[in-house]
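To start, the structure itself, in structure tokens.
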Amino acid sequence: MPNVNPDRLLTDLDALRAIGAQGTGVVRPAFSAKDMEARRWLARKFADAGLETTIDGVGNVFGRSRRAGPALLVGSHSDTQPTGGWLDGALGVVYALEVVRALADDPATAQLPVDAISFQDEESRFVGCLGSRSFVGSLSPEQEAAAIDRDGVTLADALAGAGLAATPRLRGDPARHCGFLEAHIEQGPQLEDDAKRIGVVTTIVGVRGLRIIFRGQQNHAGTTMMARRRDAAAALFDYASAVNREFPRIAAARSVWTMGRVQVVPNATSIVPGYAELDLQFRDADDTVLDAMEALAERLVAEANRQSGVRLELQRARAPIAPTRMDGTLRRHLAAAAERHAPGQWLEMPSGAFHDAGIVSARLPAAMLFIPSIGGISHDFAEDSRRDDIVLGCRVLADAAASILGSDLRG
Ligand code: GLV
Ligand code: MN
Ligand code: MN
């Protein structure tokens, strides 16, 4: 059985955390100087572990085993949210590095080929799961041309700024890989609530995002009587309330929706706002539920347009992510490894976060493993996991990788 080295694993996780650290959190958005520094650090680590390493034209860090394939691809992402936690993505990338080393250290597994990867921009600075989309060939030129961050920077400028504009892009070769494993923190409370230490993922949510634009008339906040106002912010608040009132009527048990970004122009206390924007994101593991939520958001726009002096316009705000189901065979290997290392302390569970594994599953069998998040907190500087859970998760992943590569999956 491969022998994970806890000190080596935790030392590397702490070293990656230091790149872009702010307090207990990490600020390393895709293509920022800190993100690229972390990618170059990872590339050196992959190379030290004996992998042939490249950083491709969208920033994916890929370490290819020198052993003949089909290989198992293992990894996650190393970019963060604008204010992110230290383990979201980083955990799965450093696990991949440790799995490569642990298998190489054991003569019984040293010949097994594991390739490691850190995908770029999973966290949607430009396009959610940009790196894995590019890897599987589903990033369209139109998507890429339209990609712009919340400060108005284009993807093309970010690629040029990171020195990647002329660098070739990696395309996954289906003949090279027999599957993809991604490990991640849970980012929710279920494992803690159920007193379990490992989650084996069944499904990954689909995600859609809409932007609603509100156009009214900017005016004086003292002289414009309420009846005459065309207040874009008031229309936004009404629309947001209608979403929170109506969505529960059509939502499934695990449907969620978030209005996490608003913009009010000019955002001044003595001015009736003339323009506003609201981003509405919603998630479910079933496309028909997502269709119903989208249709409802459209109906609420049409109703508001019939009633108020403010004009609402609905736009698609993000590249959608389709719901996905994890591969049954890879899941069975993860579950068996979980039972060997944490008997009775693991469960099967859906993922409410999206992940690169969902994108990769369109081309390769893919599966995911979770470890608990303390207090269920993530996408926040307070994100954390217990160090013994971190070590356990890596042991399960390394064991599952060895059992997958030792099975008849490689053909
Ligand atoms: C991924 O980071 C997500 O928002 O689910
Ligand atoms: Mn993540
Ligand atoms: Mn995330």
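The values are calculated or read from the model by the stated rules, or taken from the named source; none is laboratory data. Keep in mind that this is a model prediction, so the values were computed, not measured. Here the Cβ is made from the backbone with ideal geometry for all residues, glycine too, and neighbour counts use every protein chain on show. Remember, those area values only see protein heavy atoms, side chains included, never the ligands or the DNA or RNA. Shrake-Rupley method; radii C 1.70, N 1.55, O 1.52, S 1.80 Å.
Does region 261-411 come out rounded, prolate or oblate, given a ≥ b ≥ c as the square roots of the eigenvalues of its C-alpha gyration tensor, rounded meaning a/c under 1.5 and, failing that, prolate meaning a/b above b/c? Numbers along the way, then the final one.
Working: a/c = 3.65, a/b = 2.13, b/c = 1.72.
Prolate, since a/c reaches 1.5 and a/b exceeds b/c.
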Report task. Please list M226, M293 in order of solvent-accessible area, largest first, computed with a 1.4 Å probe with all protein chains present. Result -> M226, M293
Query raised in the report: Does anyone have the angle between helix 33-48 and the longest principal axis of the chain? Alpha-carbon axes, 0 to 90°, nearest 10?
Result: 10 degrees
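Give a quick list of GluC sites (Glu not before Pro) in region 130-210 that DSSP marks as loop, anything other than H, G, I, E or B, with at most 15 other Cβ atoms within 10 Å. Could the numbers behind the result be given before it?
Working: sites: E142, E144, E182, E186, E192; in loops: E186.
Sparse-neighbourhood loop GluC sites (Glu not before Pro): none present.
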Query - Interchain or long-range residues, amide H under 5 Å from G188's placed H - result: S373
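From largest accessible area down, sort S140, S132; use a 1.4 Å probe on the protein chains.
Working: S140 35, S132 0 Å².
Correct descending sequence by accessible area is S140, S132.
What do you get when you divide the Cα radius of gyration of region 309-353 by 2.2 N^0.38 Å, with N the number of residues? Show your work: numbers first, answer last.
Details: Rg = 19.7 Å, N = 45, 2.2 N^0.38 = 9.3 Å.
After normalising by residue count via 2.2 N^0.38 Å, the value is 2.11.
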Query - Whole-Hz couplings from phi, Karplus 6.51/-1.76/1.60, listed for region 275-292; x for Gly and Pro - result: 8, 8, 10, 9, 9, 10, 10, 9, 9, 6, 8, 10, 4, 5, 5, 4, 4, 5
Report summary line: log10 I(q)/I(0) for the chain, Debye formula on C-alpha points only (no solvent), q = 0.10 Å⁻¹, two decimals, reads -0.69
Report summary line: Spelling it out for A366: with amide H atoms placed in the peptide plane at 1.01 Å from N, the residues 5 or more places away or on another chain with amide H under 5 Å from its amide H are F180, D327
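Taking only DSSP H segments of four or more residues, each worth -39500 (n - 2.57), what value at 222 nm results for the chain once the sum is divided by all its residues, to the nearest 500 deg cm²/dmol?
Helix contribution divided over all residues of the chain: -11000 deg cm²/dmol.
Only sites in a loop by DSSP and with at most 16 other Cβ atoms within 10 Å count here; which trypsin sites (Lys or Arg not before Pro) in region 45-125 make the cut? Please list the in-between numbers first.
Values: sites: K45, R64, R66, R67, R101, R125; in loops: R66, R67, R125.
Qualifying residues, ordered by number: R66, R67.
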Query raised in the report: Among D193, D286, D56, whose mean-square fluctuation peaks in a Gaussian network model of the chain (Cα, cutoff 10 Å)?
Result: D193
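Give me the 1.4 Å probe accessible area per residue for region 145-289, excluding ligands and nucleic acids, in Å². Show your work: numbers first, answer last.
On the way: 7370 Å² over 145 residues.
Heavy-atom SASA per residue in region 145-289 reads 51 Å².
Which GluC sites (Glu not before Pro) from region 325-383 combine a DSSP loop assignment with at most 14 other Cβ atoms within 10 Å? Provide the component values of the computation, followed by the final result.
Details: sites: E339, E348, E383; in loops: E383.
In loop regions of region 325-383 (DSSP not H, G, I, E or B), there are no sparsely surrounded GluC sites (Glu not before Pro).
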Report summary line: Diffing region 316-333: the Karplus 3J(HN,Hα) column from phi (6.51, -1.76, 1.60, θ = phi - 60°), in whole Hz with x for Gly and Pro, holds 7, 10, 8, 5, x, 10, 7, x, 9, 10, 6, 5, x, 5, 5, 4, 5, 5
Query raised in the report: Taking amide hydrogens as modeled 1.01 Å from N in the peptide plane, which residues meet the under 5 Å criterion relative to E348, leaving out close sequence neighbours?
Result: V200
Report summary line: With x for Gly and Pro, the residue-by-residue ³J(HN,Hα) of region 301-314, computed from phi through the Karplus equation 6.51 cos²θ - 1.76 cosθ + 1.60 at θ = phi - 60° and given in whole Hz, is 5, 4, 5, 5, 5, 6, 9, 10, x, 9, 8, 9, 10, 10
Query raised in the report: For the chain, what relative contact order do you get, as a whole percent, if you take Cα pairs closer than 8 Å and at least 6 residues apart?
Result: 23 percent
Report summary line: Which of M349, M225, M368 fluctuates most in a GNM of the chain (C-alpha springs under 10 Å)? That residue is M225
Requested in this report: Give the shape of region 206-316 as rounded, prolate or oblate, defined through the alpha-carbon gyration tensor: a ≥ b ≥ c are the square roots of its eigenvalues, a/c under 1.5 means rounded, and otherwise the shape is prolate if a/b is larger than b/c and oblate if not.
Outcome: prolate
